[in-house]
Amino acid sequence: MKIGVLGTGNMADALATHWVRAGHELLVGGRDARKARRLATRIGGGARHGNLREAAGFGEVVLAALPYGAGQEVAEEVGTALVGKVLLDCSNPVGPGFRLLTHDGGSAAQRLAAAAPGTRVVKAFNLCHEDVWRMTPPAFDGRPLAVPVCGDDETALALVRRLVRDVGCEPVAGGGLERAGLLEATAALFIGLWVGEGADAQAIAPPLAYATGPGGDS
Ligand SMILES: NC(=O)c1ccc[n+]([C@@H]2O[C@H](COP(=O)([O-])OP(=O)(O)OC[C@H]3O[C@@H](n4cnc5c(N)ncnc54)[C@H](OP(=O)(O)O)[C@@H]3O)[C@@H](O)[C@H]2O)c1
């Protein structure tokens, strides 16, 4: 698969490294040409580099590894280069005090979709720290990390599920893009628990067998 990467930071590095190892063709695009070249060299596997428009034009799937807000700016800037693409959004609109920055409207993923007409936006990879995505594979107690994926287009979702597996994780159906805000809110909750409280966010949910109560039939 041809994958364009918008951004040359931590998430770009972590995810693109897995995808190159899985045999995909990568083009890393950044607003800073030196950073794009450095990251492409670091990733290896024949990864190319270029500007943001070139990355948008290259990928069948385009990862927006950009801060919340910058994704919309870049989508508007590269314009038609993104049309027809699967645009993968991993952003977390989380501000000071672990506050969700999207309280006054749609989710970050929906805003990205509005800024990039003609794309199929899929939300994934926002719930864990970059160092988790760098693990080979991200697995805990022998169990692969489950990655919720939200989107409206089945073909786009199938491509992203493949990319989730290529990272070494298991995709989980998170519903349509209208549910992406729930993933973003979950990230705000988790980050607040982990960083703010030092609490084990994984411990807040019971095992599946108890999801409807201890009897499992309520
Ligand atoms: N890091 C994590 O653990 C983590 C985990 C889950 C989700 N996320 C989400 O993933 C996204 C990327 O995070 P990250 O940690 O990879 O960030 P990062 O390391 O700071 O990298 C951000 C990238 O975006 C570029 N950028 C920033 N503003 C831009 C603009 N206006 N126009 C063009 N490019 C711009 C930066 O370019 P310059 O280098 O030129 O500034 C850099 O290449 C964020 O939305 C974050 O919430 C992060």
Is at least one residue of the stretch 145-159 among the hydrophobic types (A, V, I, L, M, F, W, C), touching a His at 6+ places or on another chain (Cβ under 7 Å) and part of a loop (DSSP other than H, G, I, E, B)? no
Working only within the stretch 128-147, note down all residues that are open to solvent by less than 40 Å² (accessible area, probe 1.4 Å) and more than 25 Å from Ala56 (Cβ to Cβ). Cys128, Val132, Pro138, Ala139, Leu145
What pairs can you find where one residue is in the stretch 83-95 and over 15 Å from Arg53 (Cα atoms), the other is within 11 Å of the ligand (Cβ to nearest atom) and assigned to a loop (DSSP other than H, G, I, E, B), and their Cβ atoms are less than 6 Å apart, with a gap of 6+ or different chains? Cys90/Phe125; Cys90/Asn126; Ser91/Tyr68; Asn92/Asn126; Pro93/Tyr68; Pro93/Leu101; Gly95/Leu101
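In this structure, is Thr186 in contact (Cβ under 8 Å) with a residue 24 or more places away in the chain, open to solvent by 40 Å² or more (accessible area, probe 1.4 Å) and either within 16 Å of the ligand (Cβ to nearest atom) or assigned to a helix (DSSP H, G or I) (or both)? I'd like the intermediate steps shown before the answer.
Numbers: in contact (Cβ under 8 Å) with a residue 24 or more places away in the chain: yes; open to solvent by 40 Å² or more (accessible area, probe 1.4 Å): yes; either within 16 Å of the ligand (Cβ to nearest atom) or assigned to a helix (DSSP H, G or I) (or both): yes.
Judged against the criteria, Thr186 is a match.
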Looking only at the stretch 1-31, count how many residues are away from the ligand (no atom under 13 Å from the Cβ), of a type in the set (Val, Ile, Thr) and assigned to a helix (DSSP H, G or I). 1
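Condition first: in a helix (DSSP H, G or I) and surrounded by 24 or more Cβ atoms within 10 Å (Cβ to Cβ). Now tell me which residues in the stretch 106-119 satisfy that.
From the stretch 106-119, those in a helix (DSSP H, G or I) are 108-115; that's our starting set.
Matches in the stretch 106-119: Ala108, Ala109, Leu112, Ala113.
Are any residues in the stretch 12-30 open to solvent by 40 Å² or more (accessible area, probe 1.4 Å) and either hydrophobic (A, V, I, L, M, F, W, C) or without any contact (Cβ under 8 Å) to a residue 24 or more places away in the chain (or both), and if so, which ones? Talk me through it step by step, then tell me what you get.
Within the stretch 12-30, the subset open to solvent by 40 Å² or more (accessible area, probe 1.4 Å) is 21-23, 25.
Within the stretch 12-30, Ala22, Gly23 qualify.
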Filter result (within 18 Å of Arg134 (Cα to Cα) and of a type in the set (D, E, K, R)) within the stretch 151-167: Arg161, Arg162, Arg165, Asp166
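I need the full set of residues from the stretch 126-139 which are over 13 Å from Thr186 (Cβ atoms) and either near the ligand (Cβ under 7 Å from one of its atoms) or in a helix (DSSP H, G or I) (or both), in order please. I'd like the intermediate steps shown before the answer.
Just the residues of the stretch 126-139 that are over 13 Å from Thr186 (Cβ atoms), to begin with: 129-139.
Correct list: His129, Glu130, Asp131, Val132, Trp133.
Which of the residues belonging to the stretch 96-105 are touching a helix residue (DSSP H, G or I) at 6+ places or on another chain (Cβ under 9 Å) and either at pLDDT below 95 or farther than 12 Å from Leu182 by Cα (or both)?
Start the filter on the stretch 96-105 by keeping residues that are touching a helix residue (DSSP H, G or I) at 6+ places or on another chain (Cβ under 9 Å), which leaves 97-102, 105.
Selection gives Gly97, Phe98, Arg99, Leu101, Gly105.
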Given the conditions (1) under 14 Å from the mean Cα position of the chain (by Cα); (2) within 12 Å of the ligand (Cβ to nearest atom), every one holds for Cys150 apart from (2)
For residues in the stretch 68-109 being within 28 Å of Lys2 (Cβ to Cβ) and charged (D, E, K, R), which is farthest from the ligand (Cβ to nearest atom)? Lys85
Give just the number: which of (1) within 15 Å of the ligand (Cβ to nearest atom); (2) more than 13 Å from Leu87 (Cα to Cα) does Leu112 not satisfy? (2)
Select from the stretch 202-216 the residues that are among the β-branched types (Val, Ile, Thr) and open to solvent by 70 Å² or more (accessible area, probe 1.4 Å) and list them in ascending order. Ile204
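Yes or no: Ala12 within 15 Å of the chain's Cα centre (by Cα), over 24 Å from Cys169 (Cβ atoms) and among the hydrophobic types (A, V, I, L, M, F, W, C)? Talk me through it step by step, then tell me what you get.
Values: within 15 Å of the chain's Cα centre (by Cα): yes; over 24 Å from Cys169 (Cβ atoms): no; among the hydrophobic types (A, V, I, L, M, F, W, C): yes.
Against the criterion (within 15 Å of the chain's Cα centre (by Cα), over 24 Å from Cys169 (Cβ atoms) and among the hydrophobic types (A, V, I, L, M, F, W, C)), Ala12 does not qualify.
The values are calculated or read from the model by the stated rules, or taken from the named source; none is laboratory data. Here the structure is a predicted model, which means the values were calculated and not measured. Glycine gets a Cβ as well: all are built from the backbone with ideal geometry, and neighbour counts include every protein chain shown. Quick note on the areas: whole protein, heavy atoms, side chains included, nothing else; ligands and nucleic acids left out. Shrake-Rupley method; radii C 1.70, N 1.55, O 1.52, S 1.80 Å.
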